[in-house]
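Values quoted throughout were computed directly from the atomic coordinates according to the rules given, and no laboratory measurement underlies them. Just so it is clear, the structure is predicted and the values come from calculations on it, not from any experiment. Neighbour counts are summed over all protein chains in view; Cβ atoms, including those assigned to glycine, are modelled from backbone coordinates with ideal geometry.
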Amino acid sequence: MSAASSKSSGTPSNKGFRFGKWRPGQQNEAYLFLLPSLIGFAFFVLIPIIGAFALSFFDWNLISPAKFVGVDNYKQLLFQDAVFRKVLGNTFYYAVTIVPLQLILGLVMAVALNQGIRGLELYRLIYFMPVITNIVAVAIVFQWLLNRDFGVANAWVWQLADATGWHIAPPDWLNSSFWAKPAVIILTLWKNIGFTMVIYLAALQGVPESLYDAAKVDGATGSQRFRFVTIPMVSATTFFLVVIQMIGAFQLFAEPFVMTRGGPAQASLTIVMYIYQNAFEFGRMGKATALAWILFAIIFIFTLIQTRLQRRWVHYETGD
Amino acid sequence: MKRWSLVAALVFSFVFSFSFAQKTVTWAMWGSPEEIVTHQKVADAFMASHPDINVEIWSQPWGDYFTKIQTLWAAGDASVIPDVMFLSPVVNYAADGVLENLDPYIAASNYPTNDYWPGLLDYGMYDGHVYGFPRDIGLEVLYYNKDIFDEVGVSYPDDTWTWDDLTAAAEKLTDVSSSGRVNRYALGMEGGKYQLWVGQNKGSILDDMRNPSHCTLADPAAMGAITFFANMMNKNYAIRDANLGQAGGDAAVFQSGQAAMIIQNASRISAFNAADMNYDVAVVPIPADGQRSASAAGAAWTMSSFSDDKDSAWTFLSWLQSTDGGQAIYTASGEILPALKSTAESPAFMAASDTPANRMAFIIEGDNAKVGRAGFFPEWNELSGSIISPALQSIWSGEASPEDVLPKLCTDVDAFLSQNGYPK
């Protein structure tokens, strides 16, 4: 404890200290300690956010002077821009598929690994590895795996077709406006499930054995124990994962950017990729920042809905 | 006195350093480490012949270059903005007033602008003035794998080949399993190069690439050319655009033998030679009543209008773009077809390596180069990137036909043009 704080609190002892209670004259010191991160936050987050908001009312290409256009950028995006509607649809498609799949698969894997099997650390390491591998390298490998004629993923289907004479063709993954999104989703899941799994694994280890024992005594079957004990007990974790993964899914960028470039015909283009294109390829900074604010509004609304809904299904009992 | 001698020394060194001060030209470009080595070689050669000017390289990887340089402009600090810059497309930056109009310098020094390939200098022009000198011309020729041609028994392409000859050869060169898996495509060509076919068929993307009033992609000439390319893909002769990118690009499929021919610029020569491939090049086949229509375009050296020493910058720029100066050094590095005809026809290009033997193909295409691949107006990137390319991708992917896509595409393009105030 620093000399300054012990002086103002009058006593060096922590006795009587309670969280959430300000002592007169202590605020300034707290702010002082917060200052380094507050300065960083102000310069690199807060001021740019305000600047971006201001910029969304201008037409600016980074070089020539910005021209004030009022709400034109928003009006154009919301009512005229056909590409915006397309990327919005794509982004929702990604969000409603990626988030549930990631949760279900992550939970299943966590439960499987929570059975006290041997070499648990090794499995955890293997499943977590994709999370820390470089997305660009991974996306290029996936590109290569998914190639129509020369890709490994399709090779066995072709071999089967050649051997049997059946007319079965594997998906033309990244050349098809139908399959391009599933291809991006597969890559995203492969990359992120390890994260979900590790968080769930931690939550599972916090579920007290006594609850399972009690359920067993009451005659609950394995699947009933999973449904009525495990799922409610990890619901707080589920809520956390839903929120952060939904935000992540709405901001999907690197996976489609490297693997499909948003194609074919914008079939896999996301909102964030469209922001990037407008800002750095089309010289439409104002439109890009307006898009970023619309995306913020969407994420904000969805997160708000989530926090409202959580009261109905999230349990915060600790099981003590 | 000690103090006096110190002051005298200071004053002396001050005067001395000023009278012998070197002028510095900051020179900006993107490039891989290997490419930067060539650029440094060029800078060294210039400094050896011009001891009074010091050239400092400012380089960035391609991905960061444009955003970083735009940030420098936005900041507006003349002392850090490079004097001579590699840019593409020139017109975007010229329109923003950050580039120096080179016309007065060209007139004053009698710089030979007629040595450029036809149409090429247009790429460096805006509003009737020259703002940049293209370093090279990125025109395409037909690369073909001689081993595969020999194996299948197809005669090598030459300058009499038409689209029909290309299609007939493609049919034989393509190798498809009974399942429909393609083991070898006849042709690998990026979808983005489709305008080559359009130009050969005497069509165009827009009625005027500088000041367009409407889209001409639905006209019979353009429609015919796009249908030709689409059919090549639908019949499995040409690898589909998305699959080509996925398979590592045209150079990769050509080197691995997954494509017997590719249509690409001179940049691939050194890689194919390094891989010891048995290949040659030919002019690109044209329609029976068509024309050669290589694209006259290439990234250009430009001068910053913020430069604090424009005379030195011009001295460097004009040396860079001369057969005795930078052009020959770049050409000798083996990856470009130089912008100046005199350099291309010199041994620096014609005798650079044994393969490809038929380097005349580049000269023939160059002599017939035309503008038309890209628009010369600031909104072109947006028009192309958000409207034209996505629509064409649905043709290249085989999910839509040219007759369905092109009329609707032209409606969208026309709407974009009028929304942005074209024609001006």
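Cross-link partners for residue A:75 among the aspartates and glutamates, with Cα-Cα distance under 18 Å and sequence neighbours closer than 8 places in the same chain left out: A:59.
From its DSSP helices (H runs of at least four residues, each -39,500 (n - 2.57)), chain B gives a residue-normalised ellipticity at 222 nm of -12500 deg cm²/dmol.
Output the pairs from A:181/B:146; B:146/B:193; B:172/B:202 with a Cα-Cα distance over 31 Å in this structure; if there are none, say none. Walk me through the numbers before you get to the answer.
On the way: A:181/B:146 39 Å; B:146/B:193 24 Å; B:172/B:202 28 Å.
The pairs that break the limit, which is 31 Å between Cα atoms, are A:181/B:146.
Each peptide in A:48-57, B:253-262 gets a packing score, the mean of other Cβ atoms within 10 Å over its residues, and the list from highest to lowest is B:253-262, A:48-57. Taking the Cα centre of the protein assembly as shown as origin and assigning +1 to Lys and Arg Cβ atoms and -1 to Asp and Glu Cβ atoms, the resulting dipole is close to 3860 debye. Spin-label model, residue A:42 to residue B:152: label points 7 Å out along the Cα-to-beta-carbon direction sit 6.9 nm apart. For chain B, a simple Cβ point-charge model (Lys and Arg +1, Asp and Glu -1, everything else neutral) yields a dipole of about 700 debye relative to the Cα centre.
Can you bin chain A into rounded, prolate or oblate? Criterion: square roots of the alpha carbon gyration tensor eigenvalues sorted a ≥ b ≥ c, rounded for a/c under 1.5, prolate for a/b above b/c, oblate for the rest. Before the final figure, lay out the partial values.
On the way: a/c = 2.21, a/b = 1.10, b/c = 2.01.
Oblate shape, in that a/c is at least 1.5 and b/c is the bigger or equal ratio.
Only one residue of B:340, B:386, B:410 has its Cα farthest out toward the positive end of the dipole of segment B:284-413, where Lys and Arg carry +1 and Asp and Glu -1 on Cβ, and that residue is B:340.
For segment B:300-340, what number results from the quotient of the Cα radius of gyration and 2.2 N^0.38 Å? Write out the running numbers ahead of the final one.
Working: Rg = 11.6 Å, N = 41, 2.2 N^0.38 = 9.0 Å.
Compared with the compact-globule rule of thumb, segment B:300-340 sits at 1.29.
Just to confirm a number: summing +1 for Lys and Arg and -1 for Asp and Glu over residues other than residue B:207 whose beta-carbon lies under 11 angstrom from that of residue B:207, what do you get? Don't skip to the end; give the middle numbers.
Values: positive: B:210; negative: B:208, B:219, B:414.
Net charge around residue B:207: -2.
Of all aspartates and glutamates in the structure, the ones whose alpha carbon falls short of 18 Å from that of residue A:191, not counting any fewer than 8 places away in one chain, are A:255.
Close amide H contacts of residue B:264 (hydrogens built in the peptide plane, cut-off under 5 Å, sequence separation of 5 or more or a different chain): B:141, B:143.
Amide H contacts of residue A:59: A:67, A:68, A:69, each under 5 Å away and 5 or more positions distant or on a separate chain (H built 1.01 Å from N in the peptide plane; Pro and chain starts excluded). Qualifying trypsin sites (Lys or Arg not before Pro) in segment A:40-133, where qualification requires a DSSP coil assignment and no more than 10 other C-beta atoms within 10 Å, comprise A:118.
If you take every DSSP beta bridge whose two residues both sit in the protein assembly as shown, what share of them, in percent to the nearest 5, is antiparallel?
Numbers: 25 of 41 bridges.
Once the DSSP bridges in the protein assembly as shown are tallied, antiparallel ones form about 60 percent.
Averaged over the residues of B:384-396, the number of partner chain Cβ atoms lying within 10 Å of the residue Cβ comes to 5. Note on chain A: GNM, Cα springs under 10 Å; of A:243, A:141, A:131, the largest mean-square fluctuation is that of A:141.
How long is the gain from residue A:35 to residue A:309 if the chain were fully straight, where each residue apart is worth 0.36 nm and the alpha carbon distance is subtracted? Before the final figure, lay out the partial values.
Numbers: separation 274, 0.36 × 274 = 98.64 nm, distance 3.57 nm.
Working it through step by step, the gained length comes to 95.1 nm.
With R₀ set to 25 Å, the beta-carbon distance separating residue B:408 from residue A:71 gives a calculated FRET efficiency near 0.30.
Inside 10 Å of the C-beta atoms of B:237-250, what's the mean count of C-beta atoms belonging to other chains? Write out the running numbers ahead of the final one.
Values: counts 0, 0, 5, 7, 3, 16, 11, 2, 8, 15, 7, 5, 0, 0.
Mean inter-chain Cβ contacts per residue within 10 Å come to 6.
Averaged over the residues of B:58-68, the number of partner chain Cβ atoms lying within 10 Å of the residue Cβ comes to 1. Determine, from the Cβ-Cβ distance of residue B:48 and residue B:107 and an R0 of 35 Å, the FRET efficiency 1/(1 + (r/R0)^6), rounded to the nearest 0.05. That gives a FRET efficiency of 0.80.
Counted over the protein assembly as shown with a bin width of 20 Å, the fraction of Cα pairs per bin, in whole percents, is 13, 39, 31, 13, 2, 0. Largest first and in whole Å, the equivalent-ellipsoid semi-axes of segment A:192-320 read 42, 16, 10, each the square root of five times a Cα gyration tensor eigenvalue. Note that segment A:52-65 has calculated 3J(HN,Hα) couplings of 5, 5, 4, 5, 5, 9, 10, 10, 9, 10, 5, 10, 7, x Hz, one per residue in order, obtained from phi through the Karplus relation 6.51 cos²θ - 1.76 cosθ + 1.60 (θ = phi - 60°); glycine and proline are x. For the residues A:31, A:212, A:200, a GNM of chain A with alpha-carbon springs under 10 Å puts the largest fluctuation on A:31.
Summarising the amide proton neighbourhood of residue B:279: residues at separation of 5 or more, or on other chains, whose placed amide H is nearer than 5 Å comprise B:146. Between the listed residues A:104, B:30, B:305, the Cα displaced farthest toward the positive end of the dipole of the protein assembly as shown, a dipole computed from Cβ unit charges relative to the Cα centre, is found at A:104.
Residues in segment A:31-36 carry Karplus couplings, in order, of 4, 4, 5, 7, 3, x Hz; the curve used is 6.51 cos²θ - 1.76 cosθ + 1.60 with θ = phi - 60°, and Gly or Pro positions show x.
Note on chain B: Cα convex hull, mean projected area over all directions, 24.2 nm². Between residue B:234 and residue A:155, the FRET efficiency from the beta-carbon distance, with R0 = 41 Å, is close to 0.95. Straight-line cross-link partners of residue B:341 among the aspartates and glutamates, defined as a Cα under 18 Å from its Cα and at least 8 positions apart when in the same chain: B:115, B:122, B:136, B:140, B:324, B:365, B:367.
With the charge dipole of chain B set up from +1 on Lys and Arg Cβ and -1 on Asp and Glu Cβ about the Cα centre, the Cα lying farthest toward the positive end among the listed residues B:79, B:234, B:223 is that of B:79. Phi angles across segment B:259-270 convert, under the Karplus curve 6.51 cos²θ - 1.76 cosθ + 1.60 with θ = phi - 60°, into 3J(HN,Hα) values of 9, 7, 9, 9, 10, 7, 8, 5, 5, 8, 3, 5 Hz, Gly and Pro given as x.
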